[in-house]
1. What is the Cα convex hull volume of the stretch 81-160 when expressed per residue in Å³?
2. Thinking of the stretch 211-278 as a set of Cα atoms, what percent of all their pairs are more than 21 Å apart?
3. Work out how much length Ile42 to Arg185 would gain on full extension: take 0.36 nm times their residue separation and subtract the Cα-Cα distance, in nm to one decimal.
4. Taking the Cα centre as origin and putting +1 on Lys and Arg beta-carbons and -1 on Asp and Glu beta-carbons, what dipole magnitude results for the chain, to the nearest 20 debye?
5. Once the dipole of the chain is set up with Lys and Arg at +1 and Asp and Glu at -1 on Cβ about the Cα centre, which of Ala131, Leu200, Ala171 lies farthest towards its positive end?
6. Which values of log₁₀ I(q)/I(0), to two decimal places, follow from the Debye formula for the stretch 28-155 at q = 0.13, 0.23 Å⁻¹ with a uniform point scatterer at every Cα?
7. What does DSSP give for the chain in terms of the percent of beta bridges that are antiparallel, rounded to the nearest 5?
8. Reachable lysines from Lys37, Cα under 30 Å, same-chain residues fewer than 8 places away excluded?
Amino acid sequence: MQRAARTWKLGELGIGFVPTMGYLHAGHLSLVQVARKEVGAIGRVIVSIYVNPTQFAAHEDLSTYPRDLRRDLRLCREAGVDAVFLPSDSAMYPGKGEGSYSTYVVEEKVSSGLEGASRPTHFRGVTTIVAKLFNCVLPEVAVFGAKDWQQASVIRRMCADLNFPIKIVVAPTHREPDGLAMSSRNVYLTAQQRLEATVLSRCIRECQSQVRQSREIPVGQLVDLIRGKVEGETSGKLDYAAFFESNTLEPVERVKKGTHLALAVFFGKVRLIDNARL
Ligand code: PAF
């Protein structure tokens, strides 16, 4: 991968990168289109597919994470991707488990709340693998989805703090017609849970409407509203609903126009997330 990337760079071809864990959907393909726009027709668009073990906790879904490489490769070909990078575990984490892999990248501020609080080892795995993928693919531009808003913010912080010469682009969340944010994990939902899962986007819309009607609303009031909808109207269990400043992820006490909302909901073992600026 590095050899190919260096050759493209010598030819002055821009490299646009979309890191994924595979099981691609229309949301991923929209990131590919954004990467293509960034590097132009003669640039190179690279997608990586790697289910990164270090971002899963022991009790999470690493072994059952959905995979369909043949379909992913077809979708990439149809979307005009120039190369798909498929690193192996032994290439990414040589000697892991035998004690010889020992370097991790840790962001200590933006990653601490929200997903970081619910999944304490998650972002250390994400920043480590993304830094490693950047070193392999050598992109000028990398595209991340707004659905993982905190992830994109952590990566942006990491690039600024560690002087990665890479432009981070955050592309809008892609939604199903009924509002559910697209995610590879949606396939885990039962038919009933799939119907109920629209509660995340409905909560966002309801908060948007409340914010339009009042100048400022105490956070507790909207958290109660969200909990009531999730736990009163569906079989879901609210993991968190958080209100914060979009860029810094600093929590706010009063919600107003422009405040960011992120929420995570469990349906059985399936954990869905969504977010939006209100
Ligand atoms: O968002 C994802 O799919 C993953 O967290 C990423 C960025 C590919 C790192 O494994």
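FYI, it's all coordinate maths here, none of it is from the lab. The structure displayed is predicted, hence computed values, not measured ones. Note that each Cβ is placed from the backbone with ideal geometry, even for glycine, and that neighbours are counted across all protein chains shown.
1. 115
2. 24
3. Net length gain for the segment: 48.1 nm.
4. So the dipole magnitude of the chain works out to roughly 500 debye.
5. Ala171
6. Scattering profile of the stretch 28-155, log10 relative to I(0): -0.61, -1.55.
7. Restricted to the chain, the bridges split so that about 55 percent are antiparallel.
8. Cα-Cα hits under 30 Å: Lys9, Lys132, Lys147, Lys167.
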